[in-house]
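The values are calculated or read from the model by the stated rules, or taken from the named source; none is laboratory data. The structure presented is a predicted model; accordingly, all values stated were derived computationally and were not measured. Using ideal geometry, Cβ is built from the backbone for each residue, glycine included, and neighbour counts are taken over all protein chains shown. The area values use the complete protein model at the heavy-atom level, side chains included, leaving out ligands, DNA and RNA. Shrake-Rupley method; radii C 1.70, N 1.55, O 1.52, S 1.80 Å.
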Amino acid sequence: MSRDLLITTLALSLIIGLRYLLVGAAAHGLLWAGAGRGRALNLRPPAMKRIRAEIVASLIACPIYALPAALVLELWKRGGTAIYSDPHAWPLWWLPVSLIVYLLAHDAFYYWVHRALHHPRVFGWAHAEHHRSRDPSAFASFAFDPAEAAATAWFLPALALIVPIHWGVALTLLTLMSLTAALNHAGREVWPAAWLERAPLRWLITATHHDAHHKRFNGNYGLYFQFWDRWAGTEVSAAPSRPSPVIPPERPSAPLR
């Protein structure tokens, strides 16, 4: 199985990398071309030097994410996971419900891990790379330190070992994750400001919500939903009430807690 695992990891690394580049390029191009689309959130357009750094960090993270996914894929081939291909193997209502269950579980996991990554003793070596993008681009959506990638890559594959999910729903989940991550880091808000105050957008993480995290560092830790930030009192607005910490290009310092 070790040979199969290596081959599958390499193949998935390529697929993940190409998906990242295509989604990032499409989002960045559509939102920043010409006069731009949507409402600008960045203080300035994303710098090409920073975009290149985001791409390098993201491509380094690809095999880290690919390994646990490849392990689950190889186990699936051998019947050792909760992934199923026959839509009637479980009640049809479980198809949309399983997507919601995975989104909620992933969001809860990510909120607490993300918040822990901002601890001053952890931030400098585990999460600083992502926050070098104070004015992020869509390419920042995957730009993680290896330690952060290792801490977050395993959750969805592990969940697929125990919680039934159709392979089509799993692909839908991964597509949603890629699209929302790119849009939320793109530096422009595609939704009208008035819509952000209404359901369902007022419950969801949007570019406006996540951009405040990159500007202020001390809140808005959610991935898909705003529930945890509101419940835990870590929701912050777009306008900073105090100076945000400064991260030097090469030697980032820990953020304010």
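Comparison of LEU21, LEU43 shows that the only residue that is part of a helix (DSSP H, G or I), of a type in the set (A, V, I, L, M) and either over 21 Å from the mean Cα position of the chain (by Cα) or at pLDDT 95 or above (or both) is LEU21.
Listed here are the residues, each with its yes/no results for (1) free of Cβ contacts under 8 Å to residues at least 60 places away in the same chain; (2) open to solvent by less than 100 Å² (accessible area, probe 1.4 Å).
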{"residue": "SER2", "(1), (2)": "yes, yes"}
{"residue": "LEU14", "(1), (2)": "yes, no"}
{"residue": "ARG19", "(1), (2)": "no, yes"}
{"residue": "GLY24", "(1), (2)": "no, yes"}
{"residue": "HIS28", "(1), (2)": "no, yes"}
{"residue": "ALA33", "(1), (2)": "yes, yes"}
{"residue": "GLY36", "(1), (2)": "no, yes"}
{"residue": "ARG39", "(1), (2)": "no, yes"}
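When each of VAL101, VAL190, VAL97, VAL163 is tested for being farther than 20 Å from GLN226 by Cα and either of a type in the set (Val, Ile, Thr) or in contact with a Gly (Cβ under 7 Å, 6 or more places away or on another chain) (or both), the lone residue that passes is VAL163. In segment 124-214, counting only helices (runs of 4 or more DSSP H) that sit wholly within it, the ones holding 3 or more residues that are β-branched (Val, Ile, Thr), buried (at least 16 other Cβ atoms within 10 Å of the Cβ) and modelled with pLDDT of 95 or more span 167-185. Among the residues making up segment 215-226, a single one is surrounded by fewer than 20 Cβ atoms within 10 Å (Cβ to Cβ), farther than 19 Å from TRP191 by Cβ and in contact (Cβ under 8 Å) with a residue 40 or more places away in the chain: ASN218. Against the numbered list (1) touching a residue at least 60 places away in the same chain (Cβ under 8 Å); (2) farther than 18 Å from ALA153 by Cα; (3) open to solvent by 30 Å² or more (accessible area, probe 1.4 Å), TYR65 comes up short only at (2). Exactly one residue among ALA158, ALA153 is at negative phi, out of contact with any Phe, Trp or Tyr (no Cβ under 6 Å at 6 or more places or on another chain) and not polar (S, T, N, Q), and that residue is ALA158.
Do we have any residue at all in segment 68-89 that's surrounded by 15 or more Cβ atoms within 10 Å (Cβ to Cβ), outside any helix (DSSP H, G or I) and under 21 Å from the mean Cα position of the chain (by Cα)? No, the conditions are met nowhere in segment 68-89. Cβ separations smaller than 7 Å between residues 6+ apart or across chains give the following pairs from segment 84-110 residues that are under 12 Å from PRO164 (Cα atoms) to residues that are open to solvent by 80 Å² or more (accessible area, probe 1.4 Å): TYR84/TRP90; SER85/TRP167.
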